[in-house]
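Below is one structure; the comments refer to it alone.
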Amino acid sequence: MIRLIAFVVYMAGYLVYSLPSLAKMKRLHPEMPVSERDRLIHQLPMKWSSTIMKITGSTVEVKGKEFLPEGPVVFVCNHEGDFDIPVLLAFIDKPFGFISKVEVKKAPIISSWMEVMNCVFIDRKDRRSAVQSIRDGVDKLKNGHSIVIFPEGTRSKGGPIGEFKAGGLRLAKDAGVPIVPIGIKGTADIFEKNNRLVRPAKVQINICQPIDPQSIREKDMKEIASEVRNIIITSFRKDNKAS
């Protein structure tokens, strides 16, 4: 209970504390190089997320950092729990936005930070709006920003990795950028498996070898979705054999 209270108090307080920085990020010169702009914007969310993970008492191991390429990519991750985003923000040394449900736009301050981070809000109930959101995501990738997607569509809460929906992966195909599969294991042990309490856990992040744009163009999107899912699952099987 103490960790949960500390998490809530810190999150609320830090959001208020971040307001001057948020205003500063909004004023960044539009002609600033994308990589520099994203690096500056990423600093505060990264610091916020790092402290959150310290509050949970969790340990995080990251494998495959050498597979992070230069330039924009689509990170495709399995989705265990609510702490997936803080873990990625804190431990993936490459700025990114992410696809989020449109309801999050109602959250004060958080939604504003997400906008400057080049996140994409999608309304799955409105097909026309969803299609436009995908186009917006493609534009962001073409402009040099990276994006994280969770193609399971819902949290597995530590269960088996679900089937990957192909729709979001079109971002990579239409923008002509690599897909970087990322496996996440252990975040559900922080929260979802503890009756909504926050407890320490051992978290593992597996960054897998990128799939190049040419390979993506040559394959059906359902085939790519299945391939990325299998890459992530296999990365954890290899770890189990190694141990």
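The values are calculated or read from the model by the stated rules, or taken from the named source; none is laboratory data. Given the structure is predicted, the values throughout are model-derived calculations rather than measurements. Virtual Cβ from ideal backbone geometry, glycine too; neighbours counted across all protein chains shown. The protein model used for the area step is the full one, side chains on, heavy atoms only, and it has no ligands, DNA or RNA in it. Shrake-Rupley method; radii C 1.70, N 1.55, O 1.52, S 1.80 Å.
Quick notes on this one:
- Charges were assigned to the Cβ only: +1 to each Lys and Arg, -1 to each Asp and Glu. The resulting dipole of the chain about its Cα centre is roughly 520 debye.
- Counting only the Cα atoms, the stretch 78-177 fills a convex hull of 110 Å³ per residue.
- For T234, solvent-accessible area (1.4 Å; no DNA, RNA or ligand), Å²: 50
- For the stretch 108-243, carbon and sulfur atoms together expose 46% of the accessible surface, with a 1.4 angstrom probe and every protein chain in place.
- Rg/Rh ratio calculated on Cα atoms of the stretch 170-243 (Kirkwood radius): 1.10
- Computed FRET value (nearest 0.05) for R196 with E70, which takes r as the C-beta separation and R₀ as 45 Å: 0.65
- For the chain, the relative contact order is 26 percent, taking Cα pairs closer than 8 Å that sit 6 or more residues apart in sequence and dividing their mean separation by the residue count.
- Sparse-neighbourhood loop sites, GluC sites (Glu not before Pro) in the stretch 63-92 - DSSP loop, at most 16 other Cβ within 10 angstrom: E70
- Segment A130-E103, extension gain: residue separation times 0.36 nm, minus the distance between their alpha carbons: 8.4 nm
- Note on the chain: dipole from Cβ charges, positive end direction compared against H29, I179, S133; the farthest Cα belongs to S133.
- Nearest-10 value in Å² for the accessible area of R135, using the 1.4 Å probe: 140
- Using a probe of 1.4 Å on the protein chains alone, the accessible area found for F96 is around 10 Å².
- Descending semi-axes in Å of the stretch 23-106, equivalent ellipsoid built from Cα gyration tensor: 22, 17, 14
- Note on the chain: Cα-only Rg and Dmax are 17.5, 52 Å.
- In this structure the stretch 57-121 gives 41 Å² per residue of accessible area when probed at 1.4 Å with all protein chains present.
- Average accessible surface area per residue within the stretch 124-243, 1.4 Å rolling probe, Å²: 53
- Out of every Cα-Cα pair that the stretch 111-243 contains, those further apart than 24 angstrom amount to 39 percent.
- On the principal axes of its alpha carbon atoms, the stretch 1-67 extends 46, 35, 8 Å, with the longest extent given first.
- Pairs with C-alpha atoms separated by more than 19 Å, drawn from the list K165/K219; K65/K142; K101/K193; K65/K222, are K65/K142; K101/K193; K65/K222.
- Heavy-atom SASA rank of D82, D123 (probe 1.4 Å, accessible area, largest first): D82, D123
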